[in-house]
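To start, the structure under review is shown below, and the notes come after it.
The values are calculated or read from the model by the stated rules, or taken from the named source; none is laboratory data. Note that the structure is predicted; figures quoted are calculated from it, not measured. Note: ideal-geometry Cβ built from the backbone for every residue, glycine included; neighbour counts use all protein chains shown.
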Amino acid sequence: MLRRPRRNRQSAAIRAMVEETTLSVNDFIYPMFVMEGNNLTSEVKSMPGIYRYSIDKILEEMSVVQDLGIRSIALFPLLAEDKKDKIASESYRKGNIYLEAIHQIKSKFPEIAIMSDVAMDPYSSDGHDGYVDEKGNILNDESLEILAKMTIAQAEAGADIVGPSDMMDGRVRVLREALDSKGFINVSIMAYSAKYASAFYGPFRDALDSAPKFGDKKTYQMNPANVREALIEAELDYSEGADFLMVKPALAYLDIIKSLNDNFDIPIAAYNVSGEYAMVKAAAQNGWLDGTKTMVECLTSIKRAGAKVILTYFAKEYASLTK
Ligand code: PBG
């Protein structure tokens with residue numbers, strides 16, 4: 001036998017030497033949830049270990065996060081039902097809970113990169129990412145104006161990266177132009193380019209109470225059966241000025257990550273979403289899987305597929321492991 005592949009696996013030192021994919025805490029963006037109130041921490045039932053925090057508590061938590069070496073977070077708001085309306089007006093009201101949280105985190109932790117979420121769903125009485133008319137249609141171009149206002153408000157509050165997760169057509173260009181016109185030339189856009197209409201978002205919608213009040217998101221989020229559309233979306237977002245292209249979810253879409261990474265030279269991000277986190281946690285709690293090993297294997301596979309950046313609820317757990 002001339003070729004014995006096992007020779008390169010014979011010791012820990014040799015296995016480490018030939019290891020192709022290495023995870024680093026620098027790759028991670030840690031998604032966090034902020035809510036109204038004081039001194040409040042509430043665990044998301046379907047996401048063990050993940051909490052919604054009032055602003056004072058999220059600031060405490062940020063120290064822990066930063067001490068673990070995590071350098072980037074993505075922030076999402078939970079709003080009371082009476083703050084929601086058809087045009088998501090709360091999303092750009094100065095001093096709202098979300099903008100206030102961005103502002104305070106940025107002031108106390110200036111080195112942390114903060115990514116904001118641009119979509120109407122947490123603020124919309126319809127629970128959709130865009131503006132809904134009387135007939136229940138999600139109107140694209142009307143939504144863009146609202147998304148642009150929201151984006152400017154987030155940039156003014158101190159967001160370093162804005163993350164349009166709404167899947168409206170033409171949004172990246174509109175947001176880029178809006179940001180530039182206000183002088184925010186250095187605020188980056190991480191476009192949720194290939195965002196699929198996925199069942200894996202369930203726990204996130206529980207966390208934010210943001211599930212659509214009627215229908216589903218299939219007229220704007222993509223069909224899980226398609227890859228060619230992902231390339232069209234990525235091409236548009238790239239040409240409209242996106243700084244990062246994101247694929248979401250991650251694990252069931254590793255081929256999409258690879259395809260985008262093969263075709264574009266800007267960094268590819270992947271969102272290891274709430275349902276992917278919940279599956280591993282649930283199995284681990286039942287003693288059916290080794291949670292830690294499964295986490296590392298999942299994150300490694302996302303990076304191996306071509307994601308340079310990984311948004312993951314596992315960021316803290318992974319960081320504590322390697323600390
Ligand atoms: C909404 C948004 C969603 C997620 C991030 N931004 C949910 C949705 O589209 O319904 C999901 C994240 C996760 O599941 O972890 N704009």
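Examine the range 133-142 for a residue that is surrounded by fewer than 23 Cβ atoms within 10 Å (Cβ to Cβ), closer than 15 Å to THR219 by Cα and within 11 Å of the ligand (Cβ to nearest atom), and state whether such a residue exists. Don't jump to the end; show me each part of the working.
In the first step, residues of the range 133-142 are kept if they are surrounded by fewer than 23 Cβ atoms within 10 Å (Cβ to Cβ); the result is 133-142.
Imposing the further condition that a residue be closer than 15 Å to THR219 by Cα reduces the set to 133, 135-141.
Cutting the leftovers down to within 11 Å of the ligand (Cβ to nearest atom) gives us none.
Checking the range 133-142: not a single residue is surrounded by fewer than 23 Cβ atoms within 10 Å (Cβ to Cβ), closer than 15 Å to THR219 by Cα and within 11 Å of the ligand (Cβ to nearest atom).
Looking at the structure I just gave you, is ALA307 within 16 Å of the ligand (Cβ to nearest atom) and modelled with pLDDT under 95?
Details: within 16 Å of the ligand (Cβ to nearest atom): yes; modelled with pLDDT under 95: no.
So ALA307 does not fit the description; no.
From (1) more than 16 Å from LEU311 (Cβ to Cβ); (2) modelled with pLDDT of 95 or more, pick out the condition that doesn't hold for TYR192.
Looking at each condition in turn, TYR192 falls short on (1).
Among the residues of the range 201-237, how many are more than 8 Å from the ligand (Cβ to nearest atom), in contact with a Phe, Trp or Tyr (Cβ under 7 Å, 6 or more places away or on another chain) and of a type outside the set (A, V, I, L, M, F, W, C)?
1
State whether one or more residues within the range 57-78 are basic (Lys, Arg), crowded, with 20+ Cβ neighbours inside 10 Å and in contact with a Ser or Thr (Cβ under 6 Å, 6 or more places away or on another chain). Steps first, answer last, please.
At the first step, the residues of the range 57-78 found to be basic (Lys, Arg) are 57, 71.
Of the ones still in play, those that are also crowded, with 20+ Cβ neighbours inside 10 Å are none.
No, the range 57-78 has no match at all.
Given the options LEU299, LEU289, name the one that is within 15 Å of the ligand (Cβ to nearest atom) and either within 24 Å of ARG205 (Cα to Cα) or not in a helix (DSSP H, G or I) (or both).
Working: LEU289 fails: within 15 Å of the ligand (Cβ to nearest atom).
Residue meeting the stated conditions: LEU299.
Does the range 26-40 contain at least one residue that is under 19 Å from the mean Cα position of the chain (by Cα), assigned to a helix (DSSP H, G or I) and buried (at least 18 other Cβ atoms within 10 Å of the Cβ)?
yes
Is at least one residue of the range 260-277 buried (at least 16 other Cβ atoms within 10 Å of the Cβ), over 19 Å from the mean Cα position of the chain (by Cα), modelled with pLDDT of 95 or more and in a helix (DSSP H, G or I)?
No, there is no match, as no residue in the range 260-277 is buried (at least 16 other Cβ atoms within 10 Å of the Cβ), over 19 Å from the mean Cα position of the chain (by Cα), modelled with pLDDT of 95 or more and in a helix (DSSP H, G or I).
Just for the range 147-206: of the residues that are over 28 Å from PRO110 (Cα atoms) and of a type in the set (Asp, Glu), which one is surrounded by the fewest Cβ atoms within 10 Å (Cβ to Cβ)?
Among those that are over 28 Å from PRO110 (Cα atoms) and of a type in the set (Asp, Glu), it is ASP169.
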